[in-house]
Every structure is written in C-alpha cells, then in structure tokens.
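The values are calculated or read from the model by the stated rules, or taken from the named source; none is laboratory data. Quick caveat, the model's predicted, so the values are computed rather than measured. Glycine also receives a Cβ, built like all others from the backbone with ideal geometry; neighbour counts cover every protein chain displayed.
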Amino acid sequence: MAEIIDGKQVAEDVVQTVKRLTADLVAAGQPAPGLAVVIVGEDPASQVYVASKGKKAKECGFKSVQHTLPADTSEADLLKLIGELNADASIDGILVQLPLPGHIDSGKVIQTIAPEKDVDGFHFINVGKLGTGELETAFVPCTPAGSMLLIERVRGKDLSGLNAVVVGRSNIVGKPMANLLLAANCTVTVAHSRTKDLPALARTADILVAAVGRPEMIKGDWVKKGATVIDVGINRVPAPEKGEGKTRLVGDVAFAEAAEKAGAITPVPGGVGPMTIALLMANTLVSASLKAGLPRPSF
Ligand code: GUN
C-alpha cells in the first residue's frame, strides 16, 4: 500500500513559513505583503476559491483586498483596475480569478498584470523565465509549484534519472509542470487526449502527474510499481450511495486501485488542492521580499 501524501500538512508547513517570514519582514520595517484578488461575475465555485484566498492571506498577516466586479464589467474597466493595482505600491500580488466572462479577453487581461506582481505566473515573462530555467526570478503557477513540493517531499530535489509523465497540456498545470520536472532533471513526456497508448506510456512513469479533469481516468494498471502519483484533478461526481442528489469529489486517478501499485500518492481531496492556495501565499511573500531587496525565500 502506498504512502498517502498529506497535502494539507505540507500546505500548512508552507503557510507557517510564510507567516514567520511575513512577521520578520514587518519587524524589519517593511510593509506587510499585499494581495489583490479580482473576481468578475458570480460563478459560485470562483466565489468560494476567492473567499478562501482572502482568508488565508489575512491569516498570513498580509494586506488582503478583493475587487468584486459585476459580470457585465467592460474589458476596458477591468484593464483600468489592473493598471491601478500595478501602480499601487501596497500591492505585491495581483490575481484575476479565471474564467472571466466571455466578452473579456483573458489573455489580454493576464498580459496587463505587471510581471513582478503576477503571482499566478501566467504572464509571458514568467512563462518564459520558467521555460528557460530562470527560476530565481520567475513566478511559477501555484498548482504545479505546489505539486512539485509534494514530489520533493517523496523524492528529494534532484530527480535525475527518473521518468516523468504529465497527463494534460494546459498552460495552467501541464506545461509548467513539465518545465519544473525538466528543471529538476527528470526525463519528461507530456501526454494528452491525442496520445497513442496512454496506459503503456503511463506505466513508464516513475512520477505520474494527472491533470486532465476526467474523473478516475487513470486506472491502477496504468501505474508502475513504486511510482509517485500526483493527482491534480478535482471532479465532482454523483454519489447515490450517500443519498439522492448527493455528490463526492474524485481525482483524475482511480485512487484505491492506483494506491495498490504506487509508492506514494496524493488523495483527493487533501492532496494538491490545499497546496495551490499555500503557494499563492508563498508567491506573494516572494514578490514582497524581492521588492524589499531581500533574498528570495525558498519553500
Ligand atoms: N481558476 C482556477 N484556477 C485558477 C488559478 O490558479 N488562478 C486563477 N487566477 N484562476 C483560476
């Protein structure tokens, strides 16, 4: 039976470090790190995520501001707000919650965020830095950065000689995850919906990362014995066994079967999920530290 990787605990460790370093920063006479979260519209899931980001920021000792804009906000007004946040010296991190309403060009919005405040790591400058291995000054997207910390807990920082397979090629998870694994000396393959014989490819993986958004797609017999399995998926599925109309959360990996083969595996919930918010706090602290001319904190 695999080791179950406790993402809640690792996330809590990260948050404790952020709190301690924030207190040090403030004790040294610097302003508290400031995080601005912008949400457009009333998507219930987005509202829950945004509220928990604000709560965690306050817990870390940050200045936390939320801008809630109506769904019919014009792109020009949103860009104007981002311009103001870019110019606001009390703000170190800007996060615009995605998805945005259809009439707004998300790409344009993301590229308007000042790269040094882009704590999501979505700006071309940060994507390019990650791609070229400039990790000292890059902001790395929170979910893959958090997944990487979980992998390091199991395998250490140097992954030389290990084969990694990332299933999913999104800009938010799959591609940055592949770059992080490459920077840690893995041999990396990125698989996706057009990949031939995915089960056979997955079986070559010492590190298998699932980020496809398809409930329990990755089966136990796709997992190499002893592999480290990181499940990024969070899918809500019907759970009639819990009663009429009830649901439960599952990952992209069929957990029980995969746990029979894996050396270590993340659960859903309680694996990668809590890491995403923790790394957002870490990125915001990094931004404030760099602005203050201090060394980059590491996690
Ligand atoms: N929506 C879902 N995940 C994310 C994320 O990591 N960042 C932002 N900005 N929006 C999201």
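In this structure, is K117 within 16 Å of the ligand (Cβ to nearest atom) and buried (at least 17 other Cβ atoms within 10 Å of the Cβ)?
Details: within 16 Å of the ligand (Cβ to nearest atom): yes; buried (at least 17 other Cβ atoms within 10 Å of the Cβ): yes.
Yes.
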Of the residues that sit in the range 121-147 and are hydroxyl-bearing (S, T, Y) and more than 19 Å from T276 (Cβ to Cβ), which one is nearest to the ligand (Cβ to nearest atom)? T137
Within the range 1-95, considering only helices (runs of 4 or more DSSP H) that don't extend past its boundaries, which have at least 3 residues that are at pLDDT 95 or above and farther than 28 Å from P269 by Cβ? 7-27, 75-87
Residue pairs meeting the criteria (Cβ under 8 Å; at least 6 apart or on separate chains; first of a type in the set (V, I, T), in the range 58-80; second outside any helix (DSSP H, G or I) and crowded, with 18+ Cβ neighbours inside 10 Å): V65/G34; V65/L35; V65/A36; V65/V37; V65/I91; T68/I39; T73/V40; T73/I104
Considering only residues that are within 16 Å of the ligand (Cβ to nearest atom) and among the polar types (S, T, N, Q), which ones fall in the range 87-114? Q97, S106, Q111, T112
Looking at D43, D24, D77, which is the one that is closer than 20 Å to S289 by Cα and of a type in the set (D, E, K, R)? D24
Scan A239, A282, A259 and give me the residue that is under 16 Å from the mean Cα position of the chain (by Cα) and not aromatic (F, W, Y). A282
If I ask for residues that are crowded, with 17+ Cβ neighbours inside 10 Å and either within 12 Å of the ligand (Cβ to nearest atom) or closer than 17 Å to R296 by Cβ (or both), which ones from the range 148-160 would you list? M148, L149
